[in-house]
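These notes are about the structure you will find just below.
The values are calculated or read from the model by the stated rules, or taken from the named source; none is laboratory data. Note that the structure is predicted; figures quoted are calculated from it, not measured. With ideal geometry, Cβ positions are generated from the backbone for all residues, glycine too; neighbour counts draw on all protein chains shown.
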Amino acid sequence: MLAQETGEVFLVCLTLSHPSLSAPYLLVNDQAALVRTAGTFQPFAFDISLPNEQDDALPQVTMTIDNIDTEILVAIRNLGGQRPTVMMEVVLASSPNTVEVGPFNFNILSINYTDATIQGTIGFEDDLLNTAFPADSYTPTNSKGLFV
């Protein structure tokens, strides 16, 4: 993985899922279908932009999918309730069942689309950096023994 040159091909596999979908969308950034134990990942053009590391913000990944086949956009428009999830894994083309990096589980936080692309911001739904710790407050009404 750290070699200057390699004959290996790294492939990014995405699993887009939601409870209202009959089956998850399995996508791979390649020109041929990729058969794995998780299913057959269909070739699809997409790009993943990884975030910069920041101390004061949770990472958010930008995902851009080609909107040539409108099936995914129609499915996303018809989703209701909870947010769709994205699982991202990196595998080698020579050993597709061995996950080299990941899996990373994200929620789709926002979606923008044009005629050519669907762009989504994926990240963590909970704002961990602004969550109070401990979650409970100790007050005289709920913890009388502390305030005697």
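Observations on the structure shown:
- Note on segment 1-109: enclosed strands (runs of 3 or more DSSP E) holding 3 or more residues that are of a type outside the set (A, V, I, L, M) and touching a Ser or Thr at 6+ places or on another chain (Cβ under 9 Å) are 46-49, 60-66.
- Only a single item in (1) surrounded by 10 or more Cβ atoms within 10 Å (Cβ to Cβ); (2) farther than 30 Å from residue 2 by Cα; (3) at pLDDT 85 or above is not met by residue 90, and it is number (2).
- Within segment 12-37, the set of residues being free of Cβ contacts under 8 Å to residues at least 40 places away in the same chain and among the hydrophobic types (A, V, I, L, M, F, W, C) comprises 23, 26, 27, 28, 32, 33.
- Condition check for residue 97 on (1) surrounded by 12 or more Cβ atoms within 10 Å (Cβ to Cβ); (2) more than 12 Å from the chain's Cα centre (by Cα): one failure, at (1).
- Any hit, segment 104-122, residues being charged (D, E, K, R), touching a residue at least 12 places away in the same chain (Cβ under 8 Å) and either surrounded by 13 or more Cβ atoms within 10 Å (Cβ to Cβ) or within 21 Å of residue 28 (Cβ to Cβ) (or both): no
- The sole residue among 30, 47, 66 that is more than 13 Å from residue 108 (Cα to Cα) and crowded, with 17+ Cβ neighbours inside 10 Å is 30.
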